[in-house]
Amino acid sequence: MAGEKARPRPLVAGNWKMNGLRSALAEAKAVADALAARSAPCPADVLICPPATLVMVMSEILKGTPVAIGAQDCHTEVSGAHTGDLSAEILVDAGATAIIVGHSERRADHDETDNYVHAKQRAVLRSGCLSIVCIGETAGQRRAGQTLDVVVRQLERSLDEGSTSFNTVIAYEPVWAIGTGLTPTVEDVAEVHAAIRDRLTSRFGDEGLAMRILYGGSVKPQNARELMHVPNVDGALVGGASLKAADFLGIIAAYG
Ligand code: 13P
């Protein structure tokens, strides 16, 4: 199977969303300790994106471990009069090595458009961080048979020309699967990921082939193995199940 050839190293990323007091640092530390205690090397890249308040302390605590630290959003500018916002450069300075942009919750809560997400991704690339660009259809769009059109359009408009397999990861997160316990069938995931891969390779050539495409939406230890072995699924973006070390480790274990 073509998709099985030279698969990129998987990425398992946790998005803590608006959860996480300082007491939650123990969960991140437990993940790092468990991975360090393995006799075999860590089978995937592992990333935790806590609330911005914890980025600095978490990156200090987990320095030198297999767990990298990321952020959940950034502003488009480097600095300036933008009260309450954080630039990609500020997040890098705090220790972030990856930044999520275009999450459906930000698209919905803050009216973020594809063009705005594109500008944010450009900011992430400018900062030298890994950008994780989220796309995904709503339940209504899926019912109307618009899934592939929506996802490909979001991909097309949100992604910068300067995207490479080193600076960009795509996260396909069907909105209706987020936090609901519902997941698409493996056939549906395969279909969407194949459409994303097609678009990436026609736009970016070999780089598009090597770009990681994560699946997100109700990933749990119980369904991780099945979802993570679908062709063109190169890892997971995990919400709720990333908050508890045991669950997050259970998902990483899908890779052996
Ligand atoms: P859940 O894993 O809680 O469904 O959230 C997925 C998500 O939105 C990750 O960004």
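Please treat every number below as a calculation from the coordinates, not as lab data. In this text the structure is predicted, and so the values were computed from the model without any measurement. Here the Cβ positions follow ideal geometry from the backbone for every residue, glycine too, while neighbour counts run over all protein chains shown.
In percent, how large is the relative contact order of segment 106-173, given Cα pairs closer than 8 Å and 6 or more residues apart? This gives 44 percent for segment 106-173. All alpha carbon pair distances within segment 63-125 were sorted into 10 Å bins beginning at 0; the resulting P(r) in whole percents reads 23, 50, 23, 4. Residues whose amide H lies under 5 Å from that of A68, counting only those 5 or more places away or on a different chain, are V46, L47, I48; hydrogens are built 1.01 Å from N in the peptide plane. Between A253 and S165, the distance separating the two model label sites (each 7 Å from Cα on the Cα→Cβ line) works out to 3.0 nm. Max-minus-min Cα coordinates of segment 1-142 on each principal axis give 46, 43, 29 Å, with the largest extent listed first. Contact order, relative form, for segment 209-252: 46 percent (alpha carbon pairs under 8 Å, 6 or more residues apart, mean separation divided by residue count). Counting Cα-Cα pairs of the chain in 10 Å increments starting at 0 gives whole-percent bin shares of 7, 34, 39, 18, 2, 0. What number, in percent, do you get for the relative contact order of the chain if the mean sequence gap of Cα pairs under 8 Å and at least 6 apart is divided by its residue count? The normalised contact order for the chain reaches 21 percent. For segment 100-159, the fraction of alpha-carbon pairs lying more than 16 Å apart is 44 percent, rounded to a whole number. Take the Cβ atoms of R7 and H82, set R0 to 41 Å, and the FRET efficiency comes out at 0.55. Taking only the Cα atoms of segment 175-256, the radius of gyration and Dmax are 13.1, 39 Å.
Once divided by 2.2 N^0.38 Å, the Cα radius of gyration of segment 186-234 becomes 1.18.
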